[in-house]
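Read the figures in this text as sums done on the coordinates, not as results from a lab. This one's a predicted model, so the numbers in the text were calculated from it and none came from an experiment. Note that we place each Cβ from the backbone using ideal geometry, even for glycine, and neighbour counts take in every protein chain shown.
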Amino acid sequence: MERIQKQQIIKDLAKKMVFLVGPRQVGKTWLSKEIAKEYPDSLYLSYDRLEDREIITGEEWPEKTDLLILDELHKMKGWKNYLKGVYDTKNNHLKILVTGSARLDVFRQSGDSLAGRFFVHHLLPLSLSEIRQVSGELDLDRLINRSGFPEPYLATSDIEAERWRLQYVDSLIREDVFNFDNIDNYRNIRTLFELLRYKVASPISYNSLARDMGISPVTVKKYMSILESLYIIFVVKPYSKKISRSILKQPKIYFYDNALVKGDDGAKLENFVALSLLKSVVAENDYLAKAKKLNYISTKDGREVDFAISDEEGGIDNLIEVKRADANISANLIYFSNKYNLAGIQLVKELKRERQVDNLRVVRVGEYLKGLYL
């Protein structure tokens with residue numbers, strides 16, 4: 001399936017380096033090799049392969065190479081300085097595409113900066129919006145149950161998709177997490193991973209998780225940070241700039257792989273909506289230079305709305321509530337909309353009739369999500 005970001009990446013390669021980042025097996029290598037077909041002398045090198053590693057460290061690619069793809073380069077010690085040197089001394093015709101399954105901001109905290117030398121493209125799982133824009137068949141239930149990772153989504157059966165997932169989870173924990181940091185307790189991080197699968201869409205207490213696991217809250221935070229850095233989970237924090245009562249600090253967590261969610265249909269639906277909103281927000285930041293954020297709203301007296309998308313000035317564009325089948329407008333959505341004069345949307349999966357009441361809309365979740373930016 002064609003990925004919609006292909007042409008934008010090619011356009012950016014003509015100007016700077018491009019970093020293509022996202023979860024493991026989301027399609028980064030496939031997309032990179034599709035882009036490589038547009039160049040007569042492209043070369044793909046993975047730092048995970050010993051033969052390629054020697055070429056990378058010795059900078060021994062052919063001089064005629066016009067597109068150099070470096071995969072998993074962040075695993076190389078001193079990769080930032082290495083890449084800065086390669087970029088600053090390269091031939092004018094050479095384009096550089098760097099791919100990886102770890103967040104770049106983790107590696108930009110110290111050492112020489114690569115600022116001004118690259119564009120970032122986030123490749124996230126397929127969404128209704130992306131599938132619509134590449135003329136694919138829209139299937140909301142398939143995306144919710146199998147996830148938008150290309151291989152399980154396109155699998156010929158649910159069993160084939162689940163076989164992929166069993167291998168995927170094992171490789172995430174045993175390879176990616178252990179290679180990312182000095183983790184010496186496989187059982188603890190696997191236990192945390194499994195616990196989080198049941199806590200999707202609920203505020204997370206580090207202290208509570210620490211008690212359940214018999215480890216310190218500091219260790220829980222470290223493990224969660226690693227899971228987030230490797231695009232296994234993402235965190236949605238409470239919004240507080242405009243609404244002074246939104247002082248709760250506990251984040252919510254969601255999974256990039258929707259099929260990892262354990263719980264009822266409501267949790268799975270909310271996870272999918274969260275991922276779809278995140279993907280659209282990230283794409284607008286990447287391609288439209290916006291500074292949007294995805295948050296949720298919760299006050300200490302128990303009022304909560306699932307999501308709030310804030311704009312560049314910190315104001316809220318939309319309040320969003322997610323329901324599986326309830327067409328009655330959420331009392332909390334009405335409260336926040338009236339109190340702060342904010343537009344609100346209630347997304348319902350099983351809805352007979354869409355409608356609008358004052359500043360609030362009740363719409364089918366699929367119709368709304370397929371209209372997002374990406």
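The GNM of the chain, with springs linking C-alpha atoms under 10 angstrom apart, assigns the highest mean-square fluctuation among Ser202, Ser129, Ser298 to Ser202.
At R0 = 41 Å, how high is the FRET efficiency between Lys33 and Ala291 if r is their beta carbon distance? Nearest 0.05 is fine. Result of the calculation: an efficiency of 0.80. Which value, in debye to the nearest 20, describes the size of the charge dipole of region 128-369 about its Cα centre when Lys and Arg Cβ atoms bear +1, Asp and Glu Cβ atoms bear -1, and nothing else is charged? Charge dipole of region 128-369: 880 debye, to the nearest 20.
Counted by neighbouring Cβ atoms within 10 Å, the residues Asp52, Asp257 run from fewest to most as Asp52, Asp257.
Inter-label distance, Val357 to Glu137: 3.8 nm, where each label sits 7 Å from its Cα along the C-beta direction.
If the segment from Asn179 to Glu162 were pulled out straight at 0.36 nm per residue, it would be longer than the present Cα-Cα gap by 3.6 nm.
Legend: distances between Cα atoms for Lys279/Lys300; Lys16/Lys370; Lys237/Lys262; pairs beyond 25 Å are Lys279/Lys300; Lys16/Lys370. With each label modelled as a point 7 angstrom along the Cα→C-beta vector, the Leu154-Glu194 pair spans 3.3 nm. Contact order for region 15-136, expressed relative to its length and based on alpha carbon pairs under 8 Å spaced 6+ residues apart, stands at 41 percent. If R0 is 22 Å, the Cβ-Cβ spacing of Lys77 and Ala115 corresponds to a FRET efficiency of close to 0.55. For region 8-62, the C-alpha radius of gyration sits at 1.22 times the compact-globule guess of 2.2 N^0.38 Å, with N the residue count. Over the residues of the chain, the helix contribution to mean residue ellipticity at 222 nm works out to -11000 deg cm²/dmol, using -39500 (n - 2.57) for each DSSP H run of at least 4. The label point for Ala327 and the one for His93, both projected 7 Å from the Cα toward the Cβ, are 6.4 nm apart. Rounded to the nearest 20, the size of the Cβ-charge dipole of region 1-73 about its Cα centre is 480 debye, with Lys and Arg at +1 and Asp and Glu at -1.
Region 306-374 has equivalent-ellipsoid semi-axes of 19, 15, 9 Å, by the square roots of 5 times the alpha carbon gyration tensor eigenvalues, sorted largest first. Each of Ile320, Val220, Leu97 was placed along the dipole of the chain (beta-carbon charges, centred on the mean Cα), and the one lying farthest toward the positive end is Ile320. Residue by residue, region 39-54 carries 3J(HN,Hα) couplings of 10, x, 10, 7, 9, 9, 10, 10, 5, 6, 9, 4, 4, 5, 4, 5 Hz when phi is fed to the Karplus relation 6.51 cos²θ - 1.76 cosθ + 1.60 (θ = phi - 60°); x denotes Gly or Pro. For region 127-272, the Kirkwood estimate of the hydrodynamic radius, built from every pair of different alpha carbons, is 16.7 Å.
Residues in region 158-172 carry Karplus couplings, in order, of 5, 5, 4, 5, 6, 4, 4, 5, 4, 5, 4, 4, 4, 5, 4 Hz; the curve used is 6.51 cos²θ - 1.76 cosθ + 1.60 with θ = phi - 60°, and Gly or Pro positions show x.
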